[in-house]
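Report on the following structure.
We did not get these values from a lab; they are worked out from the coordinates using the rules stated. Owing to the predicted nature of the structure, the values given are computational and were not obtained by experimental measurement. Here Cβ is always computed from backbone atoms with ideal geometry, including for glycine, and neighbour counts include all displayed protein chains.
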Amino acid sequence: MQIGAITQYIDVAQVALYAFWVFFAILIFYIRMEDRREGYPLEADIGGAYDKDPWLFVPSPKKFLLPHGHGEVSVPNAARDSTDRPIPGEKIASFPGAPYRPTSENPMLDSIGPGSWAERADRPDITHEGEPKIVPMRVAKDFRIAEGETDPVGMRMVGCDLVVAGTVVDAWIDRSEHMLRYLEVETEVGEAPRKVLVPMNFCVMRKTGDGERIFFVNAIRGEHFAHVPDTRKKTQVTLLEEDKITAYFGSGLLYATPDRQEPLA
C-alpha cells in the first residue's frame with residue numbers, strides 16, 4: 001500500500017481534491033443565489049413580463065432587521081418600482097436594449113434616463129447616535145466654516161445659461177463625514193421664491209469679471225431651479241428626497257437643453 005492511501009484504491013489527496021470540487025460548486029451556487037436577493041426576477045426588456053415564481057438560483061425570502069428600530073425587510077419580495085410608477089417614456093425601437101424617449105413635458109421630474117431615482121426609504125439618513133445625519137448649519141450649531149475658507153452664504157447661484165437662480169442662504173452639513181452636502185438656495189425664478197437644495201457636487205465656484213464669487217451649476221438652466229424637488233421638512237432631507245433631488249440635477253445634463261440630446265459632432 002502506498003503512503004497516503006487509505007486502501008489500495010483510495011488516495012487521500014484525491015479524496016481531498018474531490019471534496020474541494022464539491023465544496024466549490026456548492027459555494028458558487030450559494031453566491032449566485034445570494035446576489036439575486038434584490039433586482040430579481042429580471043424583467044423582460046420587451047413586453048415587461050417576468051417569472052414570478054422562479055425555481056432556480058433565486059433564493060427563498062430572508063428577513064433582515066433594520067437599524068434604529070426601523071422594522072424589518074424581507075427579500076426577495078418581487079416588488080417592482082414600475083408597478084405604481086410606470087416608465088414615462090417609449091422605446092425608440094423594438095429591439096432589446098433600445099433607449100427610451102421621454103413622453104412628458106418635463107422629463108427632469110419623471111425618473112427616466114439619467115434622472116432615474118429609486119424607491120428609497122422616506123426617512124432621513126441618521127448618525128450612529130440616531131440623529132438626522134444631513135441638516136442645515138442653523139441646526140448643527142457645533143459646526144462652522146473653517147477659518148480661511150469661503151462662506152457660501154450670501155453668494156449668488158447661476159445656471160448653465162448664466163441666469164441668476166437665487167442666493168445661498170444656508171449650507172447643509174453631513175454630521176458623520178464632516179463635509180458640506182447641499183447648499184440651500186432661495187430662488188429668484190419661478191412664480192414665487194422657494195428654498196431648494198443644490199447638491200455640492202454640481203456646484204463650481206467661479207469669479208465674475210468684477211471679482212464677485214458665484215456658484216455656477218452647469219447641469220440645469222436658471223429657470224429650472226424653480227422646480228427642484230422639495231423636502232417635506234425644512235430642516236431634514238429623507239433618503240428618497242435626496243435621490244429625487246440628485247436625479248433632477250443629473251437629468252439636466254441630458255434634458256436641460258435640446259442640444260444636449262444631439263450627437264457631439
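Overview of values
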quantity: So residue 238, is it in contact with a strand residue (DSSP E or B) (Cβ under 9 Å, 6 or more places away or on another chain), without any contact (Cβ under 8 Å) to a residue 24 or more places away in the chain and not aromatic (Phe, Trp, Tyr); calculated: no
quantity: Test: residue 231 is of a type in the set (S, T, N, Q), over 30 Å from residue 129 (Cα atoms) and surrounded by 16 or more Cβ atoms within 10 Å (Cβ to Cβ); calculated: no
quantity: Scope region 251-265; condition surrounded by fewer than 21 Cβ atoms within 10 Å (Cβ to Cβ) and in a helix (DSSP H, G or I); matching residues; calculated: 253, 254, 258, 259, 260, 261
quantity: Condition met for residue 82 (of a type in the set (Gly, Ala, Ser), under 20 Å from the mean Cα position of the chain (by Cα) and under 24 Å from residue 33 (Cα atoms)); calculated: yes
quantity: Selected residue (criterion: surrounded by the most Cβ atoms within 10 Å (Cβ to Cβ)) from residues of region 112-147 that are touching an Asp or Glu at 6+ places or on another chain (Cβ under 7 Å) and not β-branched (Val, Ile, Thr); calculated: 117
quantity: Qualifying strands (runs of 3 or more DSSP E) (wholly inside region 125-211; at least 1 residues being within 21 Å of residue 221 (Cβ to Cβ)); calculated: 156-158, 164-174, 179-187, 195-199, 204-207
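Residue-by-condition table, conditions (1) surrounded by 17 or more Cβ atoms within 10 Å (Cβ to Cβ); (2) aliphatic (A, V, I, L, M); (3) touching a residue at least 60 places away in the same chain (Cβ under 8 Å):
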residue: 171; (1), (2), (3): yes, yes, no
residue: 176; (1), (2), (3): no, no, no
residue: 179; (1), (2), (3): no, yes, no
residue: 195; (1), (2), (3): no, no, no
residue: 198; (1), (2), (3): yes, yes, no
residue: 205; (1), (2), (3): no, yes, no
residue: 208; (1), (2), (3): no, no, no
residue: 221; (1), (2), (3): yes, no, yes
residue: 225; (1), (2), (3): yes, no, yes
